[in-house]
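Student: Pasting a structure below so you can have a look.
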Amino acid sequence: METSGLAEWRFGAANPALEAASRQSIRSLVRRVYDCLDTSDPRPVAPFGHGDPSAFACFRTAAAAAEAVAAAVLSGKHSRYSPAAGVADARSAVAAYLSRELPYELAAGDVVLTAGCNHAIEIMMAVLASPGANVLLPRPGYPTYEARAALCGLEFRHFDLVPEKGWEVDLDGLVAVADERTVAMVIVNPSNPCGSVYSHDHLAKIAETARKLGVLVISDEVYGHCGFGSKPFVPMGVFGETAPVVTLGGISKRWMVPGWRLGWIAASDPKGALRGQEVIQSIISYCGISVDPVTFVQGAIPQIIANTDEAFFENAMNVMREAAEICYQKLNDIDCTTCPHKPEGSMVVMVKLDLSCLDGIDDDVDFCTKVAREESVVICPGSGQGMKDWLRITFAVDRSLLEDGLERVKSFCIRHAKAKEVN
């Protein structure tokens with residue numbers, strides 16, 4: 001075709017920061033595993049790769065929540081644009097909900113509504129990305145933090161969680177990687193991907209460490225109240241007097257509705273440090289140039305919180321406790337996998353893979369791609385959470401499929417086991 005006098009197309013060059021960020025996302029990791037499935041396998045796929053229990057009837061949301069959303073839509077009052085920080089009544093309802101377990105009251109002005117918890121992570125990483133700043137992230141952790149930090153040019157450094165201590169933070173190691181440019185540390189409690197729940201004492205030590213360093217604590221509590229072990233869930237905001245806390249949360253996990261995309265950022269800051277540094281205003285400013293959570297879901301939030309019966313939550317955690325027990329027992333019955341800590345919260349667990357027991361398996365990614373191809377089981381490689389030769393397994397799955405899928409993993413490991421040497 002004749003192109004004389006026309007310029008070459010100038011668009012299409014890859015954005016290196018976007019490519020680096022996308023490689024670290026859970027969706028990208030799990031998608032690559034899904035791509036390895038044998039579509040001719042008649043067995044149902046066992047989806048152990050991501051935390052979305054909503055597909056299963058045993059994890060269906062409360063009828064009161066669904067009714068509240070339907071009523072909000074039918075009212076005709078919630079079709080307009082939302083204010084940048086969220087609808088006032090919804091912010092007030094979330095503030096009251098979070099205040100139930102705090103030693104002080106949050107106001108509506110302390111809460112900003114987001115399009116899910118991932119959006120809250122995006123906002124916080126962008127707000128903190130001043131030139132030269134760095135944040136401290138847990139390893140293993142939730143890779144969206146790394147992805148979002150990388151995309152906005154915010155340096156991140158890792159501190160370790162200790163499996164032998166219930167995945168507690170290695171506080172000495174955390175202090176060692178901090179410097180005068182560190183602005184925040186992130187904790188995830190209950191933990192994704194570890195399935196642990198932090199004690200009151202450990203959270204107090206985290207707050208004291210943050211105060212000594214002069215940094216804020218970003219507490220990811222999207223799995224808040226999703227605990228079923230011996231330790232009760234304690235919100236990090238309890239320690240807001242010690243160090244300022246920004247809590248990230250939402251309804252996706254406790255109400256089992258990740259597709260509704262309603263999250264929040266809440267400032268537990270009784271001494272006013274965050275407002276003094278204009279962090280809250282920066283969050284709202286970012287929301288002004290970002291997406292809004294769906295307005296009719298915001299409109300339903302007061303009723304969702306007020307009308308959901310406690311029996312719904314109790315039943316959901318009973319089902320989750322049973323699933324966690326099945327997962328823990330069956331994984332420890334496989335020669336090449338070990339759970340160093342029994343899950344007591346969230347809906348995921350980290351599993352150590354012993355490659356010395358297996359023949360022809362190179363690493364955790366190779367394990368996951370091959371078990372997907374041969375057994376139609378999707379598992380997230382641990383390397384995506386910073387833990388090479390580990391696995392992250394989601395157990396929020398219908399019981400029969402959970403048991404069947406774990407039996408398939410066992411069969412895979414037996415089939416690929418190294419032959420034992422005969423003396």
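The values are calculated or read from the model by the stated rules, or taken from the named source; none is laboratory data. It should be emphasised that the depicted structure is a prediction, and the values quoted were computed from it without experimental measurement. All Cβ positions, even for glycine, are placed from backbone atoms using ideal geometry, and neighbour counts span all protein chains on display. Surface accessibility is based on the protein's heavy atoms, side chains included, excluding ligands, DNA and RNA. Shrake-Rupley method; radii C 1.70, N 1.55, O 1.52, S 1.80 Å.
Student: By its C-alpha gyration tensor, with a ≥ b ≥ c as the square roots of the eigenvalues, how is segment 287-423 shaped: rounded for a/c under 1.5, else prolate for a/b larger than b/c, else oblate?
Tutor: Prolate shape, in that a/c is at least 1.5 and a/b is the bigger ratio.
Student: Counting only protein heavy atoms and using a 1.4 Å probe, what share of the accessible area of the chain belongs to carbon plus sulfur, as a whole percent?
Tutor: That fraction is 51 percent.
Student: Under the 0.36 nm per residue contour assumption, what length would be gained going from the current alpha-carbon distance of Ala176 and Glu241 to full extension?
Tutor: Stretched out fully, the Ala176 to Glu241 stretch lengthens by 21.0 nm.
Student: Identify which of the listed values of volume of the Cα convex hull per residue in Å³ was calculated from the structure shown: (i) 220; (ii) 149; (iii) 206.
Tutor: The listed entry that was calculated here is (iii).
Student: Considering only the other residues whose Cβ falls under 15 Å of the Cβ of Arg181, what net charge follows from Lys and Arg at +1 and Asp and Glu at -1?
Tutor: Numbers: positive: Arg157; negative: Glu155, Asp179, Glu180.
Neighbourhood net charge equals -2.
Student: If you take every DSSP beta bridge fully contained in the chain, what fraction is antiparallel? Give it as a percent rounded to 5.
Tutor: Looking only at bridges with both residues in the chain, the antiparallel portion is about 50 percent.
Student: Tell me which of Ser99, Ile393, Tyr328 sits at the most positive position along the dipole axis of the chain, charges placed on C-beta atoms (Lys, Arg +1; Asp, Glu -1).
Tutor: Ranked along the dipole, the leading option is Ser99.
Student: In square angstrom, what is the accessible area per residue of the chain with a 1.4 angstrom probe?
Tutor: Details: 18880 Å² over 423 residues.
Spelled out: the 1.4 Å probe surface of the chain, per residue, equals 45 Å².
Student: Another question about this same structure. Per residue and in cubic angstrom, what volume does the convex hull of the Cα atoms of segment 57-204 have?
Tutor: Numbers: hull volume 25.2 nm³, N = 148.
Cα-based convex hull of segment 57-204, divided per residue, equals 170 Å³.
Student: Please give the FRET efficiency for Glu325 paired with Ala13, using the beta carbon to beta carbon distance and R0 = 51 Å, rounded to the nearest 0.05.
Tutor: Values: r = 51 Å, r/R0 = 1.00.
That gives a FRET efficiency of 0.50.
Student: Rank Glu208, Glu180, Glu221 by mean-square fluctuation in a GNM of the chain with C-alpha springs under 10 angstrom and give only the top-ranked residue.
Tutor: Glu180
Student: Additional query: On full extension of the chain, what length is gained from Ala20 through Arg60, given 0.36 nm per residue of separation minus the C-alpha to C-alpha distance?
Tutor: 10.9 nm
Student: Calculate, for Ala419 and Arg27, the FRET efficiency according to 1/(1 + (r/R0)^6) with r their C-beta to C-beta distance and R0 30 Å; round to the nearest 0.05.
Tutor: Working: r = 38 Å, r/R0 = 1.27.
E between Ala419 and Arg27, to the nearest 0.05, is 0.20.
Student: Ordered by packing density, taken as the mean number of other Cβ atoms within 10 Å over each peptide's residues, highest first, how do 38-46, 282-290, 364-372 rank?
Tutor: 364-372, 282-290, 38-46
Student: Protein chains only, probe 1.4 Å: how do Asp269, Asp89 rank by accessible area, largest first?
Tutor: Working: Asp269 25, Asp89 110 Å².
Accessible-area ranking of Asp269, Asp89, largest first: Asp89, Asp269.
Student: Here's another thing I want to ask about it. Between Leu262, Leu213, Leu391, find the one with the highest GNM mean-square fluctuation for the chain; connect C-alpha pairs within less than 10 Å.
Tutor: Leu213
Student: Report, in listed order, any pair from Lys271/Lys342; Lys352/Lys410; Lys253/Lys410 with a Cα-Cα distance greater than 26 Å.
Tutor: Lys271/Lys342; Lys253/Lys410
Student: Between Asp201 and Ser75, what length comes free when the chain is fully extended (0.36 nm per residue of separation minus the Cα-Cα distance, one decimal in nm)?
Tutor: Length gained between Asp201 and Ser75: 40.7 nm.
Student: Here is a follow-up. Report, in whole Å, the centroid distance computed from the Cα atoms of segment 288-350 and segment 7-53.
Tutor: Distance between centres, Cα-based: 24 Å.
Student: Pick out, from Ile187, Val245, Pro293, the residue whose Cα sits farthest towards the positive end of the charge dipole of the chain, with +1 on the Cβ of Lys and Arg and -1 on the Cβ of Asp and Glu.
Tutor: It is Pro293, whose Cα lies furthest towards the positive end.
Student: State the percent of C-alpha pairs, over all pairs in segment 1-45, separated by a distance greater than 14 angstrom.
Tutor: Numbers: 699 of 990 pairs.
In whole percent, the share of Cα-Cα pairs in segment 1-45 beyond 14 Å is 71.
Student: Under unit Cβ charges (Lys, Arg +1; Asp, Glu -1), what dipole magnitude, rounded to 20 debye, does segment 168-327 have relative to its Cα centre?
Tutor: It works out to roughly 260 debye.
Student: On to the next question. Determine the calculated [θ] at 222 nm for the chain from helices alone, applying -39500 (n - 2.57) to every DSSP H run no shorter than 4 residues and normalising by the residue count; nearest 500 deg cm²/dmol.
Tutor: Theoretical 222 nm ellipticity from helices: -11500 deg cm²/dmol.
Student: So how far apart, in nm, are the two label points at Ser400 and Ile289 if each is 7 Å from Cα heading toward Cβ?
Tutor: The modelled label-to-label distance comes out at 5.3 nm.
Student: OK, next. If you count only protein heavy atoms and use a 1.4 Å probe, how large is the accessible surface of Arg148, to the nearest 10 Å²?
Tutor: Spelled out: Arg148, probe radius 1.4 Å, area about 80 Å².
Student: Related question: At 1.4 Å probe size, what's the solvent-accessible area of Tyr34? Round to the nearest 10 Å².
Tutor: Using a 1.4 Å probe on the heavy atoms, I get roughly 80 Å².
Student: While we're here: Can you compute the charge dipole magnitude of the chain about its Cα centre, using +1 on each Lys and Arg Cβ and -1 on each Asp and Glu Cβ, nothing else charged? Give it in debye, rounded to the nearest 20.
Tutor: About 540 debye.
Student: Using a Förster distance of 41 Å, how high is the FRET efficiency between Asn318 and Leu6, based on the Cβ-Cβ distance and rounded to 0.05?
Tutor: Step by step, r from the Cβ atoms, then E = 0.05.
Student: While we're here: Tell me the relative contact order for the chain as a rounded percent, counting alpha carbon contacts under 8 Å between residues six or more apart.
Tutor: Relative contact order of the chain: 24 percent.
Student: What does the charge count around Ala267 come to, taking other residues whose C-beta lies under 14 Å from its C-beta (Lys +1, Arg +1, Asp -1, Glu -1)? Don't skip to the answer; put the middle values down first.
Tutor: Working: positive: Arg91, Lys271, Arg275; negative: Glu105, Asp110, Glu221, Glu241, Asp269, Glu278.
Cβ neighbours under 14 Å give a net charge of -3.
Student: Quick check for you: which residues of segment 120-138 have the amide N under 17 Å from the point 7 Å beyond the Cα of Arg157 toward its beta carbon?
Tutor: Only 129-138 pass the distance filter.
Student: Rank these by accessible area, largest first, 1.4 Å probe: Arg399, Arg254.
Tutor: Ranked from most to least accessible, the order is Arg399, Arg254.
Student: Need one number: % antiparallel among DSSP beta bridges in segment 70-214, to the nearest 5. List each step's numbers first, then the result.
Tutor: Details: 2 of 11 bridges.
Beta bridges within segment 70-214, antiparallel portion: roughly 20 percent.
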